[in-house]
1. Restrict the check to the stretch A:77-99 and report whether at least one residue is in contact with a helix residue (DSSP H, G or I) (Cβ under 6 Å, 6 or more places away or on another chain), away from every other protein chain (no Cβ under 14 Å) and either surrounded by fewer than 20 Cβ atoms within 10 Å (Cβ to Cβ) or modelled with pLDDT of 85 or more (or both).
2. Assuming residue B:195 fulfils every condition listed in (1) buried (at least 23 other Cβ atoms within 10 Å of the Cβ); (2) touching a Ser or Thr at 6+ places or on another chain (Cβ under 6 Å); (3) away from chain A (no Cβ under 14 Å) apart from one, which condition is it?
3. Quick one: which helices (runs of 4 or more DSSP H) lie wholly within the stretch B:217-291 and hold at least 3 residues that are buried (at least 20 other Cβ atoms within 10 Å of the Cβ), under 18 Å from the mean Cα position of the chain (by Cα) and away from chain A (no Cβ under 12 Å)?
4. Mind listing just one residue for me: the one in the stretch A:233-278 that is buried (at least 22 other Cβ atoms within 10 Å of the Cβ) and in a loop (DSSP other than H, G, I, E, B) and, of those, nearest to the other protein chains (Cβ to nearest Cβ)?
5. Among the listed residues B:86, B:34, B:29, B:81, identify the single one that is within 11 Å of chain A (Cβ to nearest Cβ) and within 16 Å of residue B:207 (Cα to Cα).
6. Has the stretch A:207-222 got any residue that is hydroxyl-bearing (Ser, Thr, Tyr), within 14 Å of chain B (Cβ to nearest Cβ), part of a loop (DSSP other than H, G, I, E, B) and under 30 Å from residue A:121 (Cβ atoms)?
7. As an exercise: evaluate residue B:59 against (1) within 14 Å of chain A (Cβ to nearest Cβ); (2) out of contact with any Gly (no Cβ under 8 Å at 6 or more places or on another chain) and give the number of the one condition it does not meet.
8. Counting just the residues of the stretch A:108-141 that are without any contact (Cβ under 8 Å) to a residue 40 or more places away in the chain and within 14 Å of chain B (Cβ to nearest Cβ), which one comes out farthest from residue B:34 (Cα to Cα)?
Amino acid sequence: MGQQILNGLFVGSIYALFAVGYTLVFGVLDILNLAHQAVFMLCAFIALALVESLHLSIWVALPLAILAGGLIGIGLERLAFRPLRGRAGSNISGLISSLAMATVFEAIAAQIFGPDISRFPQGTFPDVQWHPGEATVSLLQICIAGISVLLMAVLTWLLQRTRLGRSIRAVAENPRAARILGIDVDKVISVSFFLSSALAGAAGVLFGLAFNSMSPDVGRSVELKGLAVIILGGMGSVPGAVIAGFAIGLVEVFTVAHVGSSYRDIVSFAVLFIVLVARPRGLFGQIATREA
Amino acid sequence: MEDFYLAYQSLIAFVGINSLLALSVYATLSCGQLSLANAGFMAIGAYTGALLTLHAPQVPFAFVLMASAALPAIVAVPLGLPVLRLRGVFLAIATIGFGEVVRLGFVNWDYTEGAIGLVGIPQRTKPWILWLCVALVVYLLGRLRGSRTGYALEAIREDETAARTMGIETTAYKMAMLCLGAAIAGLAGALEAHFTFIVSPAGYGFGRVVDMLVQAVVGGTALFIGPVVGATFLTILPEILRELGARVGLAPGPFRLFLNGVILLAVILYLPDGIISLPKRLRSSRKRKAA
């Protein structure tokens, strides 16, 4: 029981980290960025390449991969989202163009790293374990949960307490009003993409370390989990995504333990479906007003 | 000519199957709804057809195809009742969830051999049957254009609330198109299953519905002929370019993916109405130059 709660919190921290960036972009742009999972995957591979070819320590590779993720995010926004802004029905075409970018990213990863499963070399992360009570905890798990929580705390602080955060929230609320008040909306959107993709990158590297099996389509299953998380948390709500991430992680682990591992993925989709039908704004979402 | 046909027989068949799938996505898009449940509907159709053929081989193929189209359409009703109230991205997400639940359901269903799926399905899809189905679906969707129903769908696509205030039963029309899309996807699933000999849950994942959507959008979703053009273009192009890719040392799988992505992006950015709007575009730009 204790072990399951620990495992759930540990998986949940990665889901939450992934979903926080996902929901941030949705909050700002009202667009579902389906390339988020591809950035997640690319950063895991970038960290792998840095560790494997340049023999960097994972502690150097992780921040570099996160930075790379952020830069990819800026490029993604320029290429796939900015040209569409202001067009009619731009949230559906934005969804499709992000899908196109995801396909391109997956193709690049498959060309460079091959379609098969890649792994971090042994000893990338020190294998230390503790046994409090009957449970087993590894140093890796603690670091992953710790880094995730730290990054999410930094994001929350950034959004709530800084001038940048205020302008991001203003653009999310109403881009036109924000522009009138002198906020550089394009810049704010760029920064949001940087933050969102950097977090996706962090989640990707941590996911890669945790499960140590990466393939160009590794992001797909996490993407669908991430959708369940942001729907449960309420689209656009960062605290909602954090709580929902942990909740989905826990539910998943308990399903595996008590129902069977093959039902793991069905649970998150069942959650997604029920929330959308019964309470589409999720746990913490705002009630959307209709735009004519 | 005959050699050519024999060499490219399966490619030509896939043009037909992919056209049907792209048309199934077009059906819901034509009233402005992005539904991504069609891989799930396709799976239901494929399994229905395969099980019928394997367990009751005496049933005529026409009946098998009808059942494969009918069952997904029936399933679409209880799905559509709650889900069609959602708008835009939320509908897309809910239907992605449905598609995955269907796929995972088949993975966990022992009767259909779980993740392995059904094998050894007799090849009953003859080219003429396939193209007859394509022609029927194209005719049906083409007839909608300019009809009372067609105008209603267009009105819903442009502004749902306005359409409703004008007395159009938006929910009924959206439901009808969801069921029609499901039936077309199921039909395509059964045709594919009886062509490739196998059905397995891996073939009906999220990637599959993305392919359908890409083909529909690249062709153009303003007119029923667009998805057929898109499916034909994107099915044949990688085959033509494969040799080129191999010459510069690119693996065929990633190269095809890359091409799909780049073409989709280019179309969305520069040709939002798809390939079918290309002739009109060229004509108007030539006129501008002449003037």
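The values are calculated or read from the model by the stated rules, or taken from the named source; none is laboratory data. A quick note: this is a predicted structure, and the numbers were derived from the prediction, not measured. Neighbour counts run over all protein chains shown; Cβ positions are idealised from the backbone, glycine included.
1. Among the residues of the stretch A:77-99, not one is in contact with a helix residue (DSSP H, G or I) (Cβ under 6 Å, 6 or more places away or on another chain), away from every other protein chain (no Cβ under 14 Å) and either surrounded by fewer than 20 Cβ atoms within 10 Å (Cβ to Cβ) or modelled with pLDDT of 85 or more (or both), which makes the answer no.
2. The one condition residue B:195 does not meet is (1).
3. Because the criterion is at least 3 residues that are buried (at least 20 other Cβ atoms within 10 Å of the Cβ), under 18 Å from the mean Cα position of the chain (by Cα) and away from chain A (no Cβ under 12 Å), the helices (runs of 4 or more DSSP H) in the stretch B:217-291 that meet it are B:225-247.
4. Within the stretch A:233-278, the match that is nearest to the other protein chains (Cβ to nearest Cβ) is A:235.
5. Unique residue meeting the criteria: B:34.
6. yes
7. Residue B:59 satisfies every listed condition except (1).
8. A:114
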